[in-house]
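Trainee: Got a structure for you, questions after.
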Amino acid sequence: MLLFVLAVIGGLVVLVWSADRFVAGAAGLARALGVSTLIIGLTIVAFGTSAPEMLVSAMAALQGNAGLAIGNAIGSNIANMALVLGVTALIAPLAVHSNTLNREFPLMFIVMGVALVLLWNGMLSRLDGFILLAGMAGVVLWTIHLARTTGADDPLVEELTGEIPAHMPRGRAWWLLVSGLALLLGSSKLLVWGAVGIAQYFGVSDLVIGLTIVAIGTSLPELAASVMAARKNEHDIAVGNVVGSNLFNIMAVLGIAGSISPTAVEPAVLYRDFPLMMILAVALYLMARGFSRSGHGTIQRWAGLVLLLVFLGYQASLFLLVKGGAG
């Protein structure tokens, strides 16, 4: 049991650290190749912060633990919206000004709705996985189009300009990219091994472990990125990190799991976890859009506290289910 715990802790630490290296290398290389700031921020950075979830999903599916991958995808989205933005808003109220985010929020609702329809029959099939991955490719292309048609005066562009490495040598960028990816692969495999071991030791499902330990751990890059952005007064980046990561989690993480290892979806996912995720998404959109004619709102500290309490209550309910033998 001690080995499993150490594997989870060590895997998470290396996973978070290597994800940061991977994102820095990918963003630096893209900037050196002349890719626009907004494209880097909306695609490469979002992809990089979701890399832990994607690799954990792939490893879990390859080992026949697709339930862990499903829990990781949905649990990470819940953690992103309730834990990450809850903590971030408590540190600094998040004023959202970017029109880009107002266009990405509806896309997030559509993606969640499509995923719910695909899972409604109680199966994450290989066809479902391929549909989600194809949708992910479409979203990336749409995002690139969105980035190209967004004005340079969008607040998100201004914030990203100061965050993305401007003059990183290509050699260093490649080194960070390759070494970060290698460490991501190794640490994700270690994390899955430890998480599955803990689940078997306590006799709980892979889904619950994915919704709790793994989801929180793989959301740490988003938490770190959003908190740092908030401290620098880059509020649109803080919210944009979460929206982008949520899109990748639903389409890429579930898509990878389904395409590698089709699996049954536990009923609790459809009546407990998915509805909570969608309720949080709607609440977040209303907070970020506000009720003014400008469509720009602020996620206040009180809202951050509510989000954090919702997350703690959700985690407590999962713990009680496990304790009661329902996990």
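The values are calculated or read from the model by the stated rules, or taken from the named source; none is laboratory data. Treat the numbers as computed from the prediction; the structure is a model and nothing was measured. Cβ atoms come from the backbone with ideal geometry, glycine included; neighbour counts cover every protein chain shown. What goes into the accessible areas is simple: the full protein's heavy atoms, side chains included, and nothing from ligands, DNA or RNA. Shrake-Rupley method; radii C 1.70, N 1.55, O 1.52, S 1.80 Å.
Trainee: Evaluate the following for residue 325: is it in a helix (DSSP H, G or I) and either surrounded by 12 or more Cβ atoms within 10 Å (Cβ to Cβ) or at pLDDT below 90 (or both)?
Mentor: Numbers: in a helix (DSSP H, G or I): no; either surrounded by 12 or more Cβ atoms within 10 Å (Cβ to Cβ) or at pLDDT below 90 (or both): yes.
No, not satisfied.
Trainee: Condition check: touching a residue at least 12 places away in the same chain (Cβ under 8 Å), in contact with a strand residue (DSSP E or B) (Cβ under 7 Å, 6 or more places away or on another chain) and surrounded by fewer than 23 Cβ atoms within 10 Å (Cβ to Cβ). Does residue 278 satisfy that? Quick ask: steps written out before the conclusion?
Mentor: Details: touching a residue at least 12 places away in the same chain (Cβ under 8 Å): yes; in contact with a strand residue (DSSP E or B) (Cβ under 7 Å, 6 or more places away or on another chain): no; surrounded by fewer than 23 Cβ atoms within 10 Å (Cβ to Cβ): yes.
So residue 278 fails the test.
Trainee: Tally up the residues in segment 194-242 that are within 16 Å of the chain's Cα centre (by Cα), at pLDDT 80 or above, within 14 Å of residue 56 (Cβ to Cβ) and open to solvent by 10 Å² or more (accessible area, probe 1.4 Å), please.
Mentor: Adding up the residues that qualify gives 3.
Trainee: Could I ask something else about it? Checking residue 23 against (1) part of a helix (DSSP H, G or I); (2) closer than 30 Å to residue 123 by Cα; (3) not polar (S, T, N, Q), only one condition comes out false. Which one?
Mentor: Of (1) part of a helix (DSSP H, G or I); (2) closer than 30 Å to residue 123 by Cα; (3) not polar (S, T, N, Q), only one is false for residue 23: (2).
Trainee: State whether one or more residues within segment 91-112 are β-branched (Val, Ile, Thr), modelled with pLDDT of 90 or more and more than 24 Å from residue 315 (Cβ to Cβ).
Mentor: Our first condition is that a residue be β-branched (Val, Ile, Thr); within segment 91-112, this holds for 91, 96, 100, 110-111.
When the remaining residues are screened for being modelled with pLDDT of 90 or more, the result is 110-111.
Pick out the ones that are also more than 24 Å from residue 315 (Cβ to Cβ) and you get 110-111.
The answer is yes, given that some residue of segment 91-112 is β-branched (Val, Ile, Thr), modelled with pLDDT of 90 or more and more than 24 Å from residue 315 (Cβ to Cβ).
Trainee: Considering each of 288, 283, 316, 268 in turn, give the residue that is open to solvent by less than 10 Å² (accessible area, probe 1.4 Å), among the hydrophobic types (A, V, I, L, M, F, W, C) and either in a helix (DSSP H, G or I) or at pLDDT 90 or above (or both). Full working, then the answer.
Mentor: Working: 283 fails: open to solvent by less than 10 Å² (accessible area, probe 1.4 Å); 316 fails: open to solvent by less than 10 Å² (accessible area, probe 1.4 Å); 268 fails: open to solvent by less than 10 Å² (accessible area, probe 1.4 Å).
Just one listed residue meets the conditions, 288.
Trainee: Against the condition touching a residue at least 24 places away in the same chain (Cβ under 8 Å), of a type outside the set (Ser, Thr, Tyr) and open to solvent by 20 Å² or more (accessible area, probe 1.4 Å), how does residue 251 come out, does it pass?
Mentor: Numbers: touching a residue at least 24 places away in the same chain (Cβ under 8 Å): yes; of a type outside the set (Ser, Thr, Tyr): yes; open to solvent by 20 Å² or more (accessible area, probe 1.4 Å): no.
Judged against the criteria, residue 251 is not a match.
Trainee: Condition first: of a type in the set (Lys, Arg) and either surrounded by fewer than 18 Cβ atoms within 10 Å (Cβ to Cβ) or at pLDDT below 80 (or both). Now tell me which residues in segment 160-193 satisfy that. Reasoning before the result, please.
Mentor: In the first step, residues of segment 160-193 are kept if they are of a type in the set (Lys, Arg); the result is 170, 172, 189.
The answer is 170, 172.
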